[in-house]
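First comes the structure, then the notes that go with it.
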Amino acid sequence: MALEGDVTVNNPAGVRRFEGAIASLYQHTLNHSFALAGIGLHTGSAAQVTVHPAPANQGRYFVRTDWPKYRIAARLSSVDQTQFCTTLNQADTTITTVEHLLAALAGMGIGNARIELQRPEIPILDGSAQMWTTEILNAGYQAQSEPRLVPALHHPVLEQRGAAFVMALPEPQISFSYGIDFPESAIGEQWCRFSPQDFISDIAPARTFGRAEDLESLRTMGFIKGGSLDNALVCRQDEWLNPPLRFANEPVRHKLLDLIGDLSLCGYLPSAHYVAYKASHSLHIRFAKRLQQTLLG
């Protein structure tokens, strides 16, 4: 699918290799470590994140280098809060805004990784997962000897709050659909559907977005201290303050990116069509917990 902004995938052979990792029966980790630095969207603090290979069966986990005693597993049991981002906590050690990096790792089939940082928030970078996917492509991956343990889903699972919902419908292959509906005509009603093989080109470049009318109240509440027109799309009624968009429906694609990051906290997902409408991080996590309970019986 063609992109409408300055977004390109420069390594198609590498992309094809990662498509194989996504569909593989075996676990994968990185070939090499990589690092990225930037500003946290909510804290406004500068931080560097280094992502390392990890042994099989370790999963994705975080280590605060300023407080290295605890590993914070990227699991649902670590979720602390979901207001405007997803935050993990272990023994009062916090990692926040984890969803974009986790989406990039999950979307590219990396099941085991050690993620180190010295601050409590993952950098927002350009507001998407594109810089993460580029670094993962450059680092490469390696197959591990242990199989991926993917549970089977035998009946639909639904979590709903008012008109908003997230559900999973058993299907032979994983796919995702997302819908949003905003009163601003710049956004309006949008839907998208994609399969994991299209993650790098169609979902990872989609940036976070917000409404101009909400900015002051969010800052008053202590959020988006590091927010700017360089790391988020901002709309006012019928126009975007910082065009061009990378996709005509970039906002809904970013919501789908968030969903993938949040659902990755389940571990490996069963084959299903995952459908969400007007959902939030909170509803994503509530659904993920219901799904996990269903799979565990």
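Taken together, the values in this text are just the output of simple stated rules run on the coordinates, not laboratory data. Just so it is clear, the model here is predicted, and its values are computed rather than measured. Positions of Cβ are generated from backbone atoms using ideal geometry, with glycine treated the same way; all protein chains shown enter the neighbour counts.
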- Item | Cα→Cβ-extended label distance, 7 Å offset, between Glu213 and Trp67, nm | 3.8 nm
- Item | Residue list for the stretch 183-201, given a label point 7 angstrom along the Cα-to-Cβ vector of Ala163 and an amide N cut-off under 11 Å | 183, 189
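How big is the dipole moment of the chain about its Cα centre under a simple scheme where the beta carbon of each Lys and Arg is +1, that of each Asp and Glu is -1, and everything else is neutral? Debye, nearest 20, please. Before the final figure, lay out each step's value.
Values: 24 positive and 28 negative charges, 185 e Å.
Rounded to the nearest 20 debye, it is 880 debye.
Say R0 is 45 Å: what FRET efficiency, to the nearest 0.05, do Met221 and Tyr268 get from their beta-carbon distance? List each step's numbers first, then the result.
Working: r = 35 Å, r/R0 = 0.79.
My answer for the efficiency is 0.80.
Can you give me the relative contact order of the chain as a percent, contacts being Cα pairs under 8 Å and 6 or more apart?
Numbers: 670 pairs, mean separation 76.0, N = 297.
It rounds to 26 percent for the chain.
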- Query: Residue-wise, which Karplus ³J(HN,Hα) couplings in Hz belong to the stretch 45-62, taking 6.51 cos²θ - 1.76 cosθ + 1.60, θ = phi - 60°, and x for glycine or proline?
  - Reply: 8, 6, 8, 10, 10, 10, 10, 10, x, 9, x, 4, 6, 8, x, 9, 8, 10
